[in-house]
Amino acid sequence: MAVANADAARKLQQRLAGGFRESDIMPVTDDLPEFMAEPEFLRRFGGVGAPEYRKMTAEIERRIAALPIHR
């Protein structure tokens, strides 16, 4: 957003100049899995590109798209 073009950069600067909270630019991540060894990752998600993996990445993308900064 900040480098797409001059107009987009200006709009982003204006939004941020008014102050913001972390929750305006960062989705909730407390319930997301992290620090997983490869065997656990494969067990839970079936590997990169598998249906469960795609489901998780879609959820993360949904959370990012819903952030106030994108409105």
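The values are calculated or read from the model by the stated rules, or taken from the named source; none is laboratory data. Just so it is clear, the structure is predicted and the values come from calculations on it, not from any experiment. Using ideal geometry, Cβ is built from the backbone for each residue, glycine included, and neighbour counts are taken over all protein chains shown. Surface areas here come from the heavy atoms of the whole protein model, side chains and all, with no ligands, DNA or RNA. Shrake-Rupley method; radii C 1.70, N 1.55, O 1.52, S 1.80 Å.
A few notes on this one:
- Subset of the stretch 27-55 [open to solvent by 90 Å² or more (accessible area, probe 1.4 Å) and closer than 18 Å to His70 by Cα]: Val28
- Tabulated pairs, the stretch 48-69, first under 29 Å from Arg15 (Cβ atoms) and among the aliphatic types (A, V, I, L, M), second in a helix (DSSP H, G or I) and at pLDDT 95 or above, C-beta under 9 angstrom, 6+ apart or interchain: Met56/Arg44; Met56/Phe45
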